[in-house]
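S.K.: The structure under discussion is supplied below as structure tokens; questions concerning it will follow.
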Amino acid sequence: MSELCIIPLIYKEGVYGVADFSGDIDDDNAICFDYDTQYQILTYDIPVEGREMNRYSVPEDELIRTLHAVYDGDGNLQNITAVLNGRETLLYIRYEDDEHARREIRDFAVRNADAIVEQIRQCTDVVARLFIEYYSDSEYMDYHAKIGTAAQREMLRQKYRDEDSCDNAGNYPAENIEGDNSMLITMVRCAEGYPPETFQYAVEIMSKHIEEHALAALNKTEDFKFICAEYD
């Protein structure tokens with residue numbers, strides 16, 4: 001693991017890339033990016049209770065070429081982004097206070113749910129189940145939807161002879177429908193407080209939004225169920 005770059009928390013107003021920082025930078029007042037070349041792992045601590053962030057499958061050349069650090073008029077670092085694997089990725093965001101964090105996370109949660117709703121609406125099959133599954137631990141978080149069609153539900157009934165099997169998302173072969181889990185992790189872990197509680201706040205917003213905006217567009221069976229549950 002070697003040090004890749006250092007991004008100061010205080011600098012001149014503007015937008016900067018890795019090569020734009022000059023002079024000595026105080027490591028104690030900066031975000032230091034370490035990189036494992038062999039496994040393409042990016043590791044860094046954010047200035048929130050010393051939380052470590054790990055990102056996997058990060059192309060080094062893309063990170064160096066596309067990383068941008070944004071500073072406001074007071075010189076405070078506002079966010080760090082990079083385009084990784086063809087997708088703009090949020091690496092860090094600064095919140096002014098708890099209310100600012102809740103507002104930003106709420107706005108993101110709605111946008112993320114909208115992206116999932118749009119994918120759900122593309123389903124033209126008769127739908128028996130719509131699942132929402134989520135999970136979080138110290139650093140990993142996942143939130144996704146999954147569709148169970150009427151035909152798949154009937155196959156499960158025939159296979160297991162157990163109605164409960166029809167309410168288990170893992171029994172359905174459909175792929176998970178995701179938004180931006182990478183950004184969700186960053187938004188949550190950059191907020192002060194207990195990350196699982198912040199994550200649950202986002203989960204409740206997304207799940208309610210999906211229920212309100214996706215269900216009406218589906219061709220549902222009479223015994224359709226919307227099932228939202230945490231998995232382990």
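S.K.: Quick check on the stretch 64-82: of everything there that is out of contact with any Phe, Trp or Tyr (no Cβ under 8 Å at 6 or more places or on another chain), farther than 16 Å from residue 10 by Cβ and in a strand (DSSP E or B), which residue is least open to solvent (accessible area, probe 1.4 Å)?
M.R.: So the residue we want is 82.
S.K.: Still on this structure, I have one more. So, in the stretch 137-179, how many residues would count as being part of a helix (DSSP H, G or I), among the basic types (Lys, Arg) and open to solvent by 70 Å² or more (accessible area, probe 1.4 Å)?
M.R.: Here the count works out to 1.
S.K.: Can you name the residue in the stretch 88-129 that is under 26 Å from residue 11 (Cα atoms) and touching a strand residue (DSSP E or B) at 6+ places or on another chain (Cβ under 8 Å) and, of all such residues, is most open to solvent (accessible area, probe 1.4 Å)?
M.R.: 88
S.K.: Of all residues being open to solvent by 40 Å² or more (accessible area, probe 1.4 Å) and assigned to a strand (DSSP E or B) in the stretch 5-18, which is nearest to residue 31 (Cα to Cα)? Just the residue, please.
M.R.: So, considering only residues that are open to solvent by 40 Å² or more (accessible area, probe 1.4 Å) and assigned to a strand (DSSP E or B), the one nearest to residue 31 (Cα to Cα) is 10.
S.K.: Restrict the check to the stretch 204-220 and report whether at least one residue is at pLDDT 95 or above and farther than 16 Å from residue 116 by Cα.
M.R.: Taking every residue of the stretch 204-220 in turn, at least one turns out to be at pLDDT 95 or above and farther than 16 Å from residue 116 by Cα.
S.K.: Confirm whether residue 85 is surrounded by fewer than 17 Cβ atoms within 10 Å (Cβ to Cβ) and in contact with a Leu (Cβ under 8 Å, 6 or more places away or on another chain).
M.R.: Criteria not met by residue 85.
S.K.: Additional query: Kindly indicate the residue of the stretch 208-230 that is under 17 Å from residue 150 (Cα atoms) and among the β-branched types (Val, Ile, Thr) and also surrounded by the fewest Cβ atoms within 10 Å (Cβ to Cβ) among those meeting that condition.
M.R.: 227
S.K.: Here's something else I'd like to know. Got a sec? Which of 45, 61 is in a helix (DSSP H, G or I), farther than 30 Å from residue 212 by Cα and open to solvent by 20 Å² or more (accessible area, probe 1.4 Å)? Lay out the reasoning, then the answer.
M.R.: Details: 45 fails: in a helix (DSSP H, G or I).
None of the others qualify; the one that does is 61.
The values are calculated or read from the model by the stated rules, or taken from the named source; none is laboratory data. Only a predicted model underlies this, so the values are computations on that prediction, with no experimental measurement involved. No Cβ is skipped: glycine too gets one built from the backbone with ideal geometry, and neighbour counts run over all protein chains shown. We work out accessible area using only protein heavy atoms, side chains counted, and drop any ligands, DNA or RNA first. Shrake-Rupley method; radii C 1.70, N 1.55, O 1.52, S 1.80 Å.
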